[in-house]
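Participant: My questions all concern the structure below.
Bear in mind these aren't lab numbers, they're just calculated from the coordinates by the rules spelled out. Small disclaimer: the values here were computed from a predicted structure and weren't measured. Glycine also receives a Cβ, built like all others from the backbone with ideal geometry; neighbour counts cover every protein chain displayed.
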2 protein chains.
Amino acid sequence: MDRLIAAIEQTQNPSVVGLDPTPALVPSIIVDEMREEVEQEVDAEQEHELAAYAIAYLEFNRAIIDAVADIVPAVKPQIAMYEALGAAGLDAYTMTCEYAQSKGLYVLGDIKRGDIGSTAAAYAAHLAGFGAHSGHVDMWHEDAITINPYLGSDGVEPFINAANAHDRDVFALVRTSNPSSAQIQEVELASGMHLYEHIAGLVGEWGNSSIGEYGYSRLGAVVGATHPEQGQALRARMPHTFFLVPGYGAQGGTAADVVGMFDTQGSGAIVNSSRGIIGAWKKQEPTSYMSAQDALDHVAVCARKAACAMRDDLQSALAER
Amino acid sequence: MDRLIAAIEQTQNPSVVGLDPTPALVPSIIVDEMREEVEQEVDAEQEHELAAYAIAYLEFNRAIIDAVADIVPAVKPQIAMYEALGAAGLDAYTMTCEYAQSKGLYVLGDIKRGDIGSTAAAYAAHLAGFGAHSGHVDMWHEDAITINPYLGSDGVEPFINAANAHDRDVFALVRTSNPSSAQIQEVELASGMHLYEHIAGLVGEWGNSSIGEYGYSRLGAVVGATHPEQGQALRARMPHTFFLVPGYGAQGGTAADVVGMFDTQGSGAIVNSSRGIIGAWKKQEPTSYMSAQDALDHVAVCARKAACAMRDDLQSALAER
């Protein structure tokens, strides 16, 4: 986790921009302009629309990355949004990750993979790349990924091993931000704990052999901003586990809700916002754009403003406590 | 689940062939021959190796599909194996699914996705396709997918909705076949149940609104062959839930272990074997192959023989009980 923590210190900003484009979040003029381009270049007619969206997502992401690269430490593309466009979308995903890394950003791939050991080892290529005949290839360009721990340690170890070998990190789901998560995660155990606390204990244990210079292991935890008291208790319970905190902004979490998830030095957590930043342009939409470039410029200006506001919001909440 | 059950009745074979290629399971002469081909056609040198494996996986799968299409109802490609090759691998995955469907097979995409509601809705494009400007596109060619239920109902509903709308099915992880799964799935709850039983209850409930002609809902459950008693108890507890049973063969499960997961009519479950069928050629490897086609022919013959043996094994175990 050292590279992420160093990047947070450098920007003085414990926040990550979620790059989760959807058809509704990308100005339609961008898709329209890309549609004209792909109609020239892509043969199969049924793939035009997918390719148009995929290229539009990539352009949209590039504009946002350029706008925030000097003020945020990291971005978190949500792979589901790209997978929804099939293979063309996944090309846009990897190109987004590669572009963000080229701008010095730490890339957290939100992929929530998880399977039995031999299959988890295949998914771990997200971090390990492919050991090719002619050398090593990094296909995914991710510095960290999220995983689902439901299969237990043999489904998690391959990710930790790959992270250790390639200086990457992993975040396991512990307490997610969504409304129905309590149905499973808050189930009461015979031991008196809730299930998410049991999983928190396992995640803490699994990370113990990879603690870095800042005192945090390579295995972090996802803890939703929508559970402030639980998050604060987990912070005390998991002293070596870095938190990825989704749910700030559009999902309802505030800076006051997340401060308890940081350690006493103001480290130990990074807070994600997706729609609040990449969709900020929608709150001040001009009547019309002249071109895709106009729209991208507007998206970029609004995203930077929102990212600065989020940084300032977190900084003052952390200073005040 | 009606289409799957009809296909099982037609073939009299409740088994599914796992298409999980790895570098070790594909004869190297196939990769070598594809490497020569891609060196002519793919510009970027660092992508040669990934492309060679991706095409080799596709050829390997096609040979197996051709060899078993008349005797098995379904195939289950494990997306992780393809994702390990990046975007080129995912092309091989979708082309494998499309080819299997063209041969009349039911395609069960083993993708184990799961996320919060809005993100699960994006993943549900695996079943729903993309509603394009110029019509509807199916990018993934899957008849069913597996999902991870850890996020609760709002992460599952988008998949059930897509399955209902597009005549597809979903299988949620309940009790997985791997050794460490007990760390979480067998945790004892305050209610006296184990966690997997609690999740089984939720899965049964979530499926109740989509029960088909054969009495099974569109939401099935993954129950590992390595837990025969638990599987038998779940069969009684979940009368409308169809089971996908991994772990037969290479992972240690036998026909006797899985019979309890079928209903009294011999329906209610489908058993997966991957390595036992697609890797059957390794047990009788000839000293050398003359060409990739020779190797593919050998893989195909061995796979068909192993698939027949598995069918006969399951049929007699079901007849004997």
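So that you can scan it fast, the table gives a plain yes or no per residue for (1) within 23 Å of B:Gln265 (Cα to Cα); (2) more than 7 Å from every other protein chain (Cβ to nearest Cβ):
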site: B:Arg168; (1), (2): no, yes
site: B:Glu188; (1), (2): no, no
site: B:Leu195; (1), (2): no, no
site: B:Leu202; (1), (2): no, no
site: B:Asn208; (1), (2): yes, yes
site: B:Ser217; (1), (2): yes, yes
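Participant: Quick one: which helices (runs of 4 or more DSSP H) sit completely within segment B:82-176 and have at least 2 residues that are basic (Lys, Arg) and more than 30 Å from A:Gln251 (Cα to Cα)?
Facilitator: On the way: elements: B:86-102, B:117-123, B:125-128, B:157-166.
By residue number, no helices (runs of 4 or more DSSP H) qualify.
Participant: Within segment A:133-148, which residues are surrounded by 20 or more Cβ atoms within 10 Å (Cβ to Cβ) and more than 7 Å from chain B (Cβ to nearest Cβ)?
Facilitator: A:His141, A:Glu142, A:Asp143, A:Ala144, A:Ile145, A:Thr146, A:Ile147
Participant: A follow-up question, please. Any chance you could count how many residues in segment B:155-165 are under 19 Å from the mean Cα position of the chain (by Cα) and within 14 Å of chain A (Cβ to nearest Cβ)?
Facilitator: The number of residues fulfilling the criteria is 4.
Participant: Here is a further query. Only one of A:Val271, A:Val301, A:Val258 is part of a helix (DSSP H, G or I) and within 29 Å of A:Asp169 (Cα to Cα). Can you tell me which? Talk me through it step by step, then tell me what you get.
Facilitator: Details: A:Val271 fails: part of a helix (DSSP H, G or I); A:Val301 fails: within 29 Å of A:Asp169 (Cα to Cα).
After ruling out the rest, the residue left standing is A:Val258.
Participant: If we keep just the residues of segment A:31-76 that are away from chain B (no Cβ under 11 Å) and among the basic types (Lys, Arg), which is nearest to A:Cys302 (Cα to Cα)? Spell out how you get there, then give the answer.
Facilitator: Kept after step one, since they are away from chain B (no Cβ under 11 Å), are these residues of segment A:31-76: A:33-34, A:36-38, A:40-43, A:55-76.
Checking the rest, the ones that are also among the basic types (Lys, Arg) come to A:62, A:76.
Details: A:Arg62: 14, A:Lys76: 18 Å.
Result: A:Arg62.
Participant: Could you grab the pairs with beta carbons closer than 8 Å, sequence gap of 6+ or different chains, first residue in segment A:220-244 and under 16 Å from A:Glu205 (Cβ atoms), second one crowded, with 24+ Cβ neighbours inside 10 Å and acidic (Asp, Glu)?
Facilitator: If the second residue must be crowded, with 24+ Cβ neighbours inside 10 Å and acidic (Asp, Glu), the pairs left are A:Gly220/A:Asp169; A:Phe242/A:Asp169.
Participant: Considering A:Ala6, A:Ala54, which residue is within 27 Å of A:Ser210 (Cβ to Cβ) and either without any contact (Cβ under 8 Å) to a residue 12 or more places away in the chain or in a helix (DSSP H, G or I) (or both)? Don't jump to the end; show me each part of the working.
Facilitator: Working: A:Ala54 fails: within 27 Å of A:Ser210 (Cβ to Cβ).
Residue meeting the stated conditions: A:Ala6.
Participant: Out of the residues in segment B:153-167 that are closer than 18 Å to A:Gln183 by Cα and among the acidic types (Asp, Glu), which is surrounded by the most Cβ atoms within 10 Å (Cβ to Cβ)?
Facilitator: So in segment B:153-167, the residues closer than 18 Å to A:Gln183 by Cα come out as B:153-160.
Right, trim to among the acidic types (Asp, Glu) and you get B:154, B:157.
Numbers: B:Asp154: 19, B:Glu157: 16.
Checking each candidate, the answer is B:Asp154.
This table checks each residue for (1) surrounded by fewer than 16 Cβ atoms within 10 Å (Cβ to Cβ); (2) out of contact with any strand residue (DSSP E or B) (no Cβ under 9 Å at 6 or more places or on another chain); (3) outside any strand (DSSP E or B).
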{"site": "A:Glu213", "(1), (2), (3)": "yes, yes, yes"}
{"site": "A:Val222", "(1), (2), (3)": "no, no, no"}
{"site": "A:Gly231", "(1), (2), (3)": "no, no, yes"}
{"site": "A:Ala236", "(1), (2), (3)": "yes, yes, yes"}
{"site": "A:His240", "(1), (2), (3)": "no, no, yes"}
{"site": "A:Leu244", "(1), (2), (3)": "no, no, no"}
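Participant: Still on this model: I'm trying to understand the selection: among the residues of segment A:123-132, which are surrounded by fewer than 24 Cβ atoms within 10 Å (Cβ to Cβ) and within 12 Å of B:Gly86 (Cα to Cα)? Working first, answer last.
Facilitator: Here is the first cut: in segment A:123-132, the ones surrounded by fewer than 24 Cβ atoms within 10 Å (Cβ to Cβ) are A:125, A:128-132.
Correct list: A:Ala125, A:Ala128, A:Gly129, A:Phe130.
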